[in-house]
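K.L.:
Attaching a single structure in structure tokens format; questions to follow.
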Amino acid sequence: PLHRRGDRERMQMEQFRAELAAGTGPVVQAGDIFDKTVVSNTVVWEVALALREAKRPTAILRGNHDASRDSSKVSSFQILTELVRPYGIVVADDRPVIFHGVCLIPWSPWYSALEMVEEHRDIIAACKTVVGHWDVVMGDTNQLPAAALKALGVEHAITGHDHNARELDMDGLKVTVTGSMQPYSHSEDPD
């Protein structure tokens, strides 16, 4: 209903702020901090403030909705990055980064998931756990490269992207799918 427009977004922002405030350990946002490449400046600003006000080590990584394959376009994620990096927020955007012993592997508009792992194998091999933004169902260019990660010594992969939280075993690799903050599905869950 039109009178409810914006309710879900407000609930998500409230939950996002609450989860950043809860606890003291490191927190990683596993991609798609926005639902499309360009969102309103108000949303970018609210997210930037929430991240900057977090009282715990925080990292974000680029997901497939956070960037465009058109390199001439500036994404809201790029603007957010410039707003939060000076405040110590770790951002994995163009290459993997290690954050509290975990390797964060961003989605790339130009490289497949496997190419990203092969290109940065030296960084990834230093970690037993990785966080990425991969597909676990469809075999496309964003398919979680389980065999390649396992060959580098990775034991656990955590991924955003899919909206349904669950645990999987892919080629002997433990995989945790984080799911959405709130119930949401792009037809991944027929029920």
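Just so it is clear, none of the values below were taken in a lab; they were calculated from the coordinates. Just so we're clear, the structure is a prediction, and the values are computed from it rather than from any experiment. Please note: Cβ atoms are built from the backbone with ideal geometry, for glycine as well, and neighbour counts cover all protein chains shown.
K.L.:
Residues of region 1-36 with the amide nitrogen closer than 18 Å to a label point 7 Å from the Cα of residue 137, along Cα-to-Cβ, please.
P.N.:
Once the point is set 7 Å along Cα→Cβ of residue 137, 32 turn out to lie under 18 Å by backbone N, inside region 1-36.
K.L.:
To make sure I understand the rule: partners must be lysines, Cα under 20 Å from the Cα of residue 73, and not fewer than 8 residues away in the same chain. Which ones qualify?
P.N.:
The qualifying lysines are 36.
K.L.:
Follow-up question, since we're still on this one. Using +1 at the C-beta of Lys and Arg and -1 at the C-beta of Asp and Glu, which of 127, 3, 96 has the Cα lying farthest in the positive direction of the dipole of the chain?
P.N.:
3
K.L.:
Taking the Cα centre of region 1-114 as the origin, how large is its charge dipole in debye, to the nearest 20, when only Lys and Arg (+1) and Asp and Glu (-1) carry charge on their Cβ atoms?
P.N.:
In debye, rounded to 20, region 1-114 gives about 80.
K.L.:
Based only on Cα atoms, what Rg/Rh ratio does region 54-113 have, Rh being taken as Kirkwood's radius?
P.N.:
Reported Rg/Rh (Cα atoms, Kirkwood Rh): 0.97.
K.L.:
Another question, then. Running a GNM on the chain with Cα contacts under 10 Å, which residue among 170, 11, 181 ends up with the highest mean-square fluctuation?
P.N.:
Among 170, 11, 181, the largest GNM mean-square fluctuation belongs to 11.
K.L.:
Here is a follow-up. Need one number: nm distance between label points at residue 68 and residue 125, each 7 Å from Cα along Cα→Cβ, rounded to one decimal.
P.N.:
Output for this residue pair reads 3.8 nm.
K.L.:
Going out from 0 in 5 Å bins, what whole percent of all Cα-Cα distances in region 1-138 drops into each bin?
P.N.:
With a bin width of 5 Å, the distribution comes to 2, 10, 18, 22, 20, 14, 9, 3, 1, 0, 0.
K.L.:
Using Cα positions and a limit of under 16 Å, work out the lysines in reach of residue 174, with same-chain residues fewer than 8 apart set aside.
P.N.:
128, 150
K.L.:
Taking 20 °C and 1.002 mPa s as the conditions, I'd like the Stokes-Einstein D for region 7-83 in µm²/s, using the Kirkwood hydrodynamic radius from alpha carbon pairs.
P.N.:
Roughly 165 µm²/s, to the nearest whole number.
K.L.:
Considering Cα pairs under 8 angstrom that are at least six residues apart, work out the relative contact order of the chain and quote it in whole percent.
P.N.:
Averaging sequence separation for qualifying contacts and normalising by length gives 16 percent for the chain.
K.L.:
Also: For the pair residue 40 and residue 167, how long in nm is the line joining their label points, each one 7 Å along Cα→Cβ?
P.N.:
Between residue 40 and residue 167, the simple spin-label model gives 4.1 nm.
K.L.:
Something else: Could you calculate the FRET efficiency of residue 10 with residue 151 from 1/(1 + (r/R0)^6), where r is the beta carbon distance between them and R0 is 41 Å, rounded to 0.05?
P.N.:
Plugging the Cβ-Cβ distance into 1/(1 + (r/R0)^6) gives 0.40.
K.L.:
Would you mind calculating the relative contact order of region 12-107 from Cα pairs under 8 angstrom and at least 6 residues apart, reporting the percent as a whole number?
P.N.:
31 percent
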